Amino acid sequence: MTERGSRVLVVGSLNVDATTYVARFPAPGETIAAHGFQTALGGKGSNQAVAAHLAGADVELVARIGDDANGRLALSVLDGFGLPTTGVERVAGAPTGIAQITVADSGENTVIVAAGANHELGPAVVDDVRDRIAGAGVVLTQGELPVETIERLAATCADLGVRFVLNLAPPVVIDPAALAVCDPLVVNEHEARAVGIGAADGDADASGPTSLDAWRAFAAAAVGTVARSVVVTLGAAGAVAATAEGSWTVAAPQVEAVDTTGAGDCFTGTLTAFLAEGRPVAEAARIAAVAGALAVQRRGTVDSYVPRETLLDTVARLDGTGRPDGTGRSEGAGGAA
Ligand code: RIB
């Protein structure tokens, strides 16, 4: 698939997700019965690598697992997807990262992560894979890695002239110089506020704005001040994207969410795959929004991601339906809402 675009190098987290399905979230101290449970591959880095791979990119994943049953499970799932695992190394004595996830019937989730072997993905690893970074078209990482690793990756990509995409999830505090080279910085609205895009959580006006156009303006203002380019995901509302060339809103298809776990990862991995093959950020975001909307309609994380052909067929079908329930509503800088 390399003829379609440049290689995506994901230096990322890998977990095994223990997901419990419940009618509603329990209150503190309360015990409730679940109506479903599954153990599956997770971790934002791994999820995004799978999404990019399914979207058609040539993907390499650099991650760490423990020498345990969960690590073996993770490798077998990655193998099943056909994703190369040579960059996924075992760490003796460390457990594979674990995420305890609860999904309510509303489609919402809670996630608790025990990082385990992911802690071993320190900044020295970035130096170890410098040649692979130099050969990549895009490097993608997430807030689940040690901060020093994210910062070293950003600096290395800047040094080598390689495009750096950061999904700042969860929203850790990192050096503004590292944020400055992100192209794009991919954040949800809470993560955006944490880096000064939109009102800060806790501010009187943090509950708004909610409109895509308001977020488009915030993202546009952050270009060149916070990051080279910015994508803000806004759940069912869609996303906004801003670069030095303009800013755009991207409406999401209206669907019934069954499980939102990993939908943001699906968006980010898909976005990165299409950026790697040279698509403009607004177009890549539009396709990614459809991938995310497809993912939330099925249970699980990577199990809910669809292959490229299905994704592009859906994009084409939705485009044919026209607005407002189609996928794309893009405006250049200064365009009308
Ligand atoms: O974004 C979803 C992911 O977050 C889960 O797969 C879990 O492992 C955590 O990393």
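What to note about this one:
- Taken residue by residue, region 96-110 has at least one member that is away from the ligand (no atom under 14 Å from the Cβ), touching a Lys or Arg at 6+ places or on another chain (Cβ under 9 Å) and more than 24 Å from V290 (Cβ to Cβ).
- Between V290, V223, V281, the distinction of being modelled with pLDDT of 95 or more, open to solvent by 10 Å² or more (accessible area, probe 1.4 Å) and under 15 Å from the mean Cα position of the chain (by Cα) belongs to V281 only.
- Failed criterion for L83 (all others in (1) within 16 Å of the ligand (Cβ to nearest atom); (2) at negative phi; (3) surrounded by 23 or more Cβ atoms within 10 Å (Cβ to Cβ) hold): (3)
- Considering residues of region 128-143 that are in contact with a Gly (Cβ under 8 Å, 6 or more places away or on another chain) and surrounded by 24 or more Cβ atoms within 10 Å (Cβ to Cβ) only, the residue nearest to A273 (Cα to Cα): L140
- Test: L41 is open to solvent by less than 60 Å² (accessible area, probe 1.4 Å) and within 12 Å of the ligand (Cβ to nearest atom): yes
- Scope region 250-276; condition away from the ligand (no atom under 16 Å from the Cβ) and open to solvent by less than 40 Å² (accessible area, probe 1.4 Å); matching residues: V250, A251, A252, P253, A273, F274, L275, A276
- From V62, V111, V103, residue being at pLDDT below 95, outside any loop (DSSP other than H, G, I, E, B), surrounded by 18 or more Cβ atoms within 10 Å (Cβ to Cβ) and on the phi < 0 side of the Ramachandran plot: V103
- Every condition in (1) outside any helix (DSSP H, G or I); (2) modelled with pLDDT of 95 or more is met by G332 except one, and the failing one is (2).
- Residues in region 272-286 that are under 15 Å from F164 (Cα atoms) and either in contact with a Leu (Cβ under 7 Å, 6 or more places away or on another chain) or among the polar types (S, T, N, Q) (or both): T272, V281.
The values are calculated or read from the model by the stated rules, or taken from the named source; none is laboratory data. Keep in mind the model is a prediction, meaning the values are calculated, not measured. Positions of Cβ are generated from backbone atoms using ideal geometry, with glycine treated the same way; all protein chains shown enter the neighbour counts. Quick note on the areas: whole protein, heavy atoms, side chains included, nothing else; ligands and nucleic acids left out. Shrake-Rupley method; radii C 1.70, N 1.55, O 1.52, S 1.80 Å.
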